[in-house]
Amino acid sequence: MPKRVLLAMSGGVDSSVSAHLLQQQGHEVIGLFMRTGAHEEPPSASCALPVLGDVNQSETRSHKRGCCSAADAGDARRVADKFDIPFYALDFEHDFGRIMDYFVDEYTRGRTPNPCVMCNNWLKFGRLWEYARQIGADAVATGHYARVRDGCLFRAADPAKDQSYVLFGIEREILPHLIFPVGELSKPRVRELARELGLRVAEKPDSQEICFVPSNDYHAFIRRRLPDFDGSGEIVDTAGNVVGRHAGFESFTIGQRKGLGVALGERRYVVKIDAEEHRVVIGPREELLGRTLAANRVNWFCEPPSQSLRCSAKIRYLHQAAAATVTVAGDNEAAVEFDEPQSAITPGQAVVFYDGDRVLGGGFIQLRVPETN
């Protein structure tokens, strides 16, 4: 049935083609660009966008801000104009600050955050759904590569582009109101459609960086947010021997090999981060292996299993899902045991459960049990 759909438009090729596909399906489409304050740009006529209603957000400033850039806002607006779609900007700067605080807090606790997951949970499928209801929209659409069928979340048709991993935290009751128009297509086909439609974003490259850390310099970003924070300390091996010093444990993540600042003649990897003692522990590759992990903040898209659940599980975005057994361990908690040891199970990252292509749920990794224990 045709619906009134609020489409998150980023100015990229995926959301732009999504606008066309939604119209082809007969939906009434309203485009929305999410301003986050992550970048500050000089004023530009190309991104002078109307603000959506009175949503108790900070007023649009004289200089234009966007999740990526003013140019992205301009690209999104031009696509909306081409398809004759109403187009608005919404100021999420206050809400987005919560994501940046989370990002910094996780690193200063010795964990590796996943801000894309939190952005999806809190903004794109949280606050955005609230605003969709305010304007009488029946659904929210984005350019994510995933699929929703009968209120269930599935992997995208194109496994190379599948983004279901970062969507595990969406509230279950929202799923029936989500549309992912490009989820049935491959990325090459999306670009081909964009060229056929004459969209100037057809060859626009995908973003490879966290939008608020465009230089990928996490250390510098954290220092700007916490100028008095000092995470410097010792680098030790797994026997506790001091082998060097580091400028800040927040600059490291589990599995990291480069940039350790020590030369031991053999390859060493970060196997543990002790935030309390400011210690970075390094060891050989086999020290990264673990079979068991504990997860919290678990979100289920099905009824939580009363018995051990056989499934496949992913421990990071590019990880190949591996056979595992999941056991509910308490409120929003679970224990995950893999059939085979997995490398670099990282606290702070997500573990997501699958039954074939269907996403069953997922949570955040709290700790891993090293295979050598």
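The values are calculated or read from the model by the stated rules, or taken from the named source; none is laboratory data. Note that the structure is predicted; figures quoted are calculated from it, not measured. No Cβ is skipped: glycine too gets one built from the backbone with ideal geometry, and neighbour counts run over all protein chains shown.
Side notes on the structure shown:
- Residue satisfying condition, being farther than 22 Å from I315 by Cβ, at pLDDT 90 or above and out of contact with any helix residue (DSSP H, G or I) (no Cβ under 9 Å at 6 or more places or on another chain), within set D101, D75, D91, D81: D81
- One residue alone among S164, S186 is over 17 Å from the mean Cα position of the chain (by Cα), at pLDDT 95 or above and among the polar types (S, T, N, Q), and that residue is S186.
- Test result for G151, of a type in the set (G, A, S), at pLDDT 95 or above and under 23 Å from P2 (Cα atoms): no
- Looking across G231, G255, G290, one residue alone is buried (at least 18 other Cβ atoms within 10 Å of the Cβ), assigned to a loop (DSSP other than H, G, I, E, B) and in contact (Cβ under 8 Å) with a residue 24 or more places away in the chain. It is G231.
- Annotation note: of D81, D158, D138, D105, the sole residue that is more than 26 Å from V298 (Cβ to Cβ) and without any contact (Cβ under 8 Å) to a residue 12 or more places away in the chain is D81.
- Those strands (runs of 3 or more DSSP E) of region 293-373 in which 1 or more residues are surrounded by fewer than 19 Cβ atoms within 10 Å (Cβ to Cβ) and of a type in the set (A, V, I, L, M, F, W, C) occupy 322-330, 333-343, 358-370.
- Residue within region 195-204 that is in contact with a helix residue (DSSP H, G or I) (Cβ under 8 Å, 6 or more places away or on another chain), small (G, A, S) and crowded, with 22+ Cβ neighbours inside 10 Å present: no
- Filtered by the rule that a residue be in a helix (DSSP H, G or I) and surrounded by fewer than 16 Cβ atoms within 10 Å (Cβ to Cβ), region 79-92 gives D81, K82.
- Test: V242 is under 30 Å from D355 (Cα atoms) and either of a type in the set (A, V, I, L, M) or free of Cβ contacts under 8 Å to residues at least 12 places away in the same chain (or both): no
- The requirement of being assigned to a helix (DSSP H, G or I) and touching a residue at least 60 places away in the same chain (Cβ under 8 Å) is fulfilled somewhere in region 193-209, by at least one residue.
- Matching entry among S215, S164, S186 (being hydroxyl-bearing (S, T, Y), touching a residue at least 12 places away in the same chain (Cβ under 8 Å) and out of contact with any Leu (no Cβ under 9 Å at 6 or more places or on another chain)): S186
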